[in-house]
Each structure stands twice: as structure tokens, then as C-alpha cells.
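*Asks:* Below is one structure. I have some questions about it.
Coordinate-derived values only; no laboratory data. A quick note: this is a predicted structure, and the numbers were derived from the prediction, not measured. All Cβ positions, even for glycine, are placed from backbone atoms using ideal geometry, and neighbour counts span all protein chains on display.
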Amino acid sequence: MSLLDYFRRTKPSTATIAKERLQILVAHERSSKHQPSYLPQLQRELLAVIQKYVNVDNEDISVNFEQDDDQEVLELNIVLPEEMEEKKDTEKDKKFSKKNKRKNHV
Amino acid sequence: MARIIVVTSGKGGVGKTTTSAAIAMGLAKKGHKTAVIDFDVGLRNLDLIMGCERRVVYDLVNVINEESTLKQALIKDKRCNKLFILPASQTRDKDALTQEGVGKVLDELSKDFKYIVCDSPAGIERGANLAMYYADDAIVVTNPEVASVRDSDRMLGILASKSRRATNDEEPIKEYLLLTRYSPERVKLGEMLSVEDVQDILSLHLLGVIPDSQSVLNASNAGIPVILDEESDAGQAYQDVVSRFLGENTPHRFINEEKKGLFSRLFGSK
């Protein structure tokens, strides 16, 4: 480490950025490993249907799949835009959960 | 029965072949009869790193296709009589490897050898899958760098789901992390992921840290496994790795920066 480096060390280190990016990415990739293969398509089709009625962006919808011992939860999360033609209140996430009880699912 | 060790990573260029050569040589030097197999069909390089490229006559694919016997294809190392190299084919297609064929070769080797080190190709295709399929232990070689860590995590998923032990519901493969090209100086400056960072993300048992060292290139230039360069930091780090793998309690070295004099500290010279 030289003297110059000593004065330069104020912004967050690139190693810290790398670690944060990796933690998010790896967690995401691990969770998506166990989800059913139809999920991405389901997400696209749901988005198409919702966009017919409400003006939402691609990023405003997420489909999650969680698995416990004996139940699977499919969670659909849509962030509604602030100004909406219909009178629904905004900023709040709308959550629809579909519970799917099945035993011995592979 | 032999213990089958796969050296894998997903990403290319992180040091799988260097590691395979070093660990195989280290195990053999400790008196264990060891075979090291190159699974990179079409892009073989283990022969070069081991310095036996001019002695290759038959290869893994020849043995699988019964065009030669295993004995004919195995190259005995000139420096250590406990070490044998089974090269990959340079001319064949990757699809020349079959699960059955590889299984047969490993079975035959198991009768005679204590350790079989499988040098996996990069990627997650057939060669890589077959290299890890029969493994008992997996050494996941990782550089402290985002792409390598991500690919290692992907490889861990594959080890846990597609190996023989996984498909047969047996005890899972023992997985070890080997961090290579590590630079304590850059870690200290915040320019490189630290050992702890990588372990936090991958949560693997740390087998060792190999410092980023000029001796690795020097060794490969000469066709000598770097573990034989006993003066070098990387050579010593690999020796530690081998003893740790054999169950010895060897403390980690080369993780922290060496102390420097005032002069180099002020002017940043190496």
C-alpha cells in the first residue's frame, strides 16, 4: 500500500460491492433451482393479462414459489401504479396467495 | 477401494488442472498410489502441466473403446513412482465419453489405486458431469472474483443433484473449497473478496488458500507440478492442502499480508 492509496480509500471498496451482488444473486439462483419450470411462462402470461387492465411495468410483478414440508405457496406480487383510473388505493402491494396443499410432491 | 476426488469449478481458467496435478503429486509423494485423469476431451492439458506430453500414446477414450488396455494408457510419472497419469484424447469428440465407460475405467483403477483424481473440464456439459459423477470428494476451485464464485455455487448445486451419490440417495459427496489466485494485499485494499467473504457465500469447508504466485506459471512453463517447488509459496500452500485433505491439522497460511519494510510501504513497490 502506498501513501497515495491511503488517501484514496474513502468510497466503498469494490470487494464489498462484489460480495453484496453475489449474496443477492446466489440466494436468488438457489431459490429458483427448486421452482417448477412453468414459473417463468406463468409470470409472462399473468403479466400480459394484468397489463390489459392495469398499467404496470414488467418489474412491478413478481411470482414467487416457496416450498415447506407439505405445502407449496405460489405468491403473486403486483405493485399497482400510484394514479389509477379505478379508485383502488395505491402503493400497497396486492398479494394473492394460492395455497396448494399436496403431499408427496416430487 | 480407491477414493475418487473430482477437481471442479464450472468456470474455466481458475486453476483446476494446476490443482489436479499438484494434489495428485502430493498424495503420491506421501506414499499413496494415485492416478490422475484428464476429462477434458479435445482440450487436454494435464499432460503439459505434468510434463509428460511427449509420452502420451493411448488415452482415456482409447481405454473406454477398448482400443488399448488401461495399463498401456497409464503414464508412470518419472519423478514419483506412485503417480500415474491418464490423459484425455485430443482428437475425439466430447461425446466419446460415456457414463458406463468411465465407470468401468474407474472400477478397474479402484482395484489398484488409493486415490483417483479427476481433472474436470470447465463448463457443465458431458465431460464435467462425468468427471464428478462417480466422485466421493469434490474440490471446488474458486478465484476470489464474482464470476468464479457464482459458477462454483452452480457447480455445488449440480454435485448435490446429479452425482451418483445424489441419484442413489447415498451419503453426499464431501465438498471442499480451494481458493486460488489469492492476493492478501488486494484483499486488504478492499479490491478482492476475502476468504471469509467467499466462505459466507458458498458456506463450504475451506481446504486451503493458494496465493497468486509467479511460481505457478514458472512450474507450468517447465511441466513440473508446482507442489514440487518446495521453496515457493504456492508449492507450500498445496503441500498444506494435501496434508489437510489427509486429515492432518495444518493451520492455514498465506491468508494475511506479509510484513513489509518501511520503504516498500511508502512507495508501494513489491
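*Asks:* Just grab the label-to-label distance for residue A:29 and residue B:99, each label 7 Å out from Cα along the Cβ direction, in nm (one decimal).
*Replies:* Distance between label points: 2.4 nm.
*Asks:* Restricting everything to alpha-carbon atoms, can you work out Rg to Rh for the stretch A:32-74 with a Kirkwood hydrodynamic radius?
*Replies:* 1.05
*Asks:* Using unit Cβ charges (K, R positive; D, E negative) and no other charged atoms, how large, in debye to the nearest 20, is the dipole of the stretch B:143-260 about its Cα centre?
*Replies:* 220 debye
*Asks:* What is the calculated FRET efficiency for residue B:107 to residue B:43, with r their C-beta to C-beta distance and R₀ = 22 Å, to the nearest 0.05?
*Replies:* Approximately 0.25, to the nearest 0.05.
*Asks:* Right, next: How many nm separate the modelled label positions at residue A:70 and residue A:11, each set 7 Å beyond the Cα in the direction of the Cβ?
*Replies:* Taking the simple label geometry, residue A:70 and residue A:11 are separated by 5.5 nm.
*Asks:* While we're on this one: Over 27 Å between Cα atoms, which of B:78/B:162; B:78/B:114; B:82/B:259; B:11/B:188; A:19/B:29 qualify?
*Replies:* Check vs 27 Å cut-off fails for B:78/B:162; B:82/B:259; A:19/B:29.
*Asks:* Among B:132, B:25, which comes first, second and so on when ranked by fewest other beta-carbon atoms within 10 Å?
*Replies:* B:132, B:25
*Asks:* Return the average number of partner chain Cβ atoms within 10 angstrom of each residue Cβ along peptide A:16-26.
*Replies:* Whole-number average of other-chain Cβ neighbours for A:16-26 is 5.
*Asks:* For residue B:10, enumerate residues with amide H under 5 Å from its amide H, sequence gap 5+ or separate chain, H modeled in the peptide plane.
*Replies:* B:123
*Asks:* Can you give the longest stretch of chain B with no exposed loop site, where a site means GluC sites (Glu not before Pro) in a DSSP loop (not H, G, I, E or B) with at most 11 other C-beta atoms within 10 Å?
*Replies:* B:1-65
*Asks:* Another question about this same structure. Mean residue ellipticity at 222 nm from the helices of chain B, using -39,500 (n - 2.57) per DSSP H segment of n ≥ 4 over the full residue count, to the nearest 500 deg cm²/dmol?
*Replies:* Computed mean residue ellipticity for chain B: -11500 deg cm²/dmol.
*Asks:* Then there's this: Which one, B:232, B:192, B:166, projects farthest toward the positive side of the charge dipole computed for the stretch B:146-250 from Cβ point charges (K/R +1, D/E -1)?
*Replies:* Checked the options; the winner is B:166.
*Asks:* Could you list B:61, A:63, B:117 in order of exposure, starting from the residue whose Cβ has the fewest other Cβ atoms within 10 Å?
*Replies:* Fewest to most other Cβ atoms nearby, the residues stand as A:63, B:61, B:117.
*Asks:* Using a ≥ b ≥ c from the Cα gyration tensor of the stretch B:1-134 (square roots of the eigenvalues), is it rounded, prolate or oblate, where a/c under 1.5 gives rounded and otherwise the larger of a/b and b/c decides, a/b for prolate?
*Replies:* rounded
*Asks:* Taking a ≥ b ≥ c as the square roots of the Cα gyration tensor eigenvalues, with a/c under 1.5 meaning rounded and otherwise prolate when a/b beats b/c, else oblate, which class fits chain B?
*Replies:* prolate
*Asks:* Please compute the modelled spin-label separation between residue A:59 and residue B:76, points set 7 Å along Cα→Cβ, answer in nm with one decimal.
*Replies:* 6.6 nm
*Asks:* Given the Cα-Cα distance of residue B:55 and residue B:167 and 0.36 nm per residue of separation, how much length would full extension add, in nm?
*Replies:* Length gained between residue B:55 and residue B:167: 36.6 nm.
*Asks:* Treating the angle as unsigned and between 0 and 90°, give the value, to the nearest 10°, between the Cα long axis of helix B:233-245 and the longest Cα principal axis of chain B.
*Replies:* Result, in degrees: 60.
*Asks:* Give me the percent of Cα-Cα pairs in the stretch B:125-270 that sit more than 21 Å apart, rounded to a whole number.
*Replies:* Looking at the stretch B:125-270, the distances longer than 21 Å represent 52 percent of pairs.
*Asks:* Check which residues have an amide H placed less than 5 Å from residue B:117's amide H, if you skip close sequence neighbours.
*Replies:* Under 5 Å from the amide H of residue B:117 lie the amide H atoms of B:5, B:35, B:36, B:37, each far enough along the sequence or on another chain.
*Asks:* Something else: Could you compute how fast the protein assembly as shown diffuses translationally, taking Rh as the Kirkwood radius over C-alpha pairs and applying Stokes-Einstein at 25 °C with viscosity 0.890 mPa s? Give it in µm² per second.
*Replies:* It diffuses with D of about 104 µm²/s by this estimate.
*Asks:* Given +1 on the Cβ of Lys and Arg, -1 on the Cβ of Asp and Glu, and no further charges, what dipole in debye does the protein assembly as shown carry about its Cα centre, rounded to the nearest 20?
*Replies:* 920 debye
*Asks:* Another question, if that's okay. Can you compute 3J(HN,Hα) from phi for each residue in the stretch B:87-94, using the Karplus curve 6.51 cos²θ - 1.76 cosθ + 1.60 with θ = phi - 60°, rounded to whole Hz and x for Gly and Pro?
*Replies:* x, 8, 7, 9, 9, 7, 7, 4
*Asks:* Report the one residue of B:81, B:35, B:64 whose Cα lies farthest in the direction of the positive end of the charge dipole of the protein assembly as shown (charges on C-beta: Lys and Arg +1, Asp and Glu -1; origin at the Cα centre).
*Replies:* The Cα lying farthest towards the positive end belongs to B:81.
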